[in-house]
Amino acid sequence: MPPTSVEFATRWRGLREEIMAGVEAWRPHHPKASLEEIEAAVDERLAELRMRMLQVAALASLAADVRQAHGSDLSFCPLCGTSVESSRPGERQLTTHQGKTLWLQRS
């Protein structure tokens, strides 16, 4: 069963706080950083947050485990249109637009 909006909010709040703490920890070590350097540090951490949010959301999808799908929740092959069948779980590596790598464990 996919997580509720409250569960997502709780999970993402923790991720957000972790990323913000990283920016706060970085700043005292770089007191003379230029705006460009600060922006790069913030962007790096935001890309990490985005990647982890994508990972959480993707794994919460019914498509992550086709064994749990029924009726209209079934996934279909975009090439032949037949329903996708479960096989052994596999790990898939994807890259975000910001170049972050995320791993998805799916059936």
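Under the condition of being touching a helix residue (DSSP H, G or I) at 6+ places or on another chain (Cβ under 8 Å) and of a type outside the set (A, V, I, L, M, F, W, C), which residue from the range 20-48 is surrounded by the fewest Cβ atoms within 10 Å (Cβ to Cβ)? Filtering first and then ranking leaves HIS30.
With respect to GLU7, determine if the residue is assigned to a helix (DSSP H, G or I), at pLDDT 90 or above and either within 28 Å of GLY90 (Cα to Cα) or of a type outside the set (A, V, I, L, M) (or both).
Working: assigned to a helix (DSSP H, G or I): yes; at pLDDT 90 or above: no; either within 28 Å of GLY90 (Cα to Cα) or of a type outside the set (A, V, I, L, M) (or both): yes.
No.
Considering (1) of a type in the set (Gly, Ala, Ser); (2) loosely packed, with under 10 Cβ neighbours inside 10 Å; (3) on the phi < 0 side of the Ramachandran plot; (4) modelled with pLDDT of 70 or more, say which one ALA58 fails and leave the rest. The single condition ALA58 does not satisfy is (2).
Mind listing just one residue for me: the one in the range 86-107 that is out of contact with any Asp or Glu (no Cβ under 6 Å at 6 or more places or on another chain), surrounded by 11 or more Cβ atoms within 10 Å (Cβ to Cβ) and assigned to a strand (DSSP E or B) and, of those, modelled with the lowest pLDDT? Residue satisfying both the conditions and the ranking: ARG106.
The values are calculated or read from the model by the stated rules, or taken from the named source; none is laboratory data. Since the model is a prediction, treat every value here as computed from it, not as a measurement. Here the Cβ is made from the backbone with ideal geometry for all residues, glycine too, and neighbour counts use every protein chain on show.
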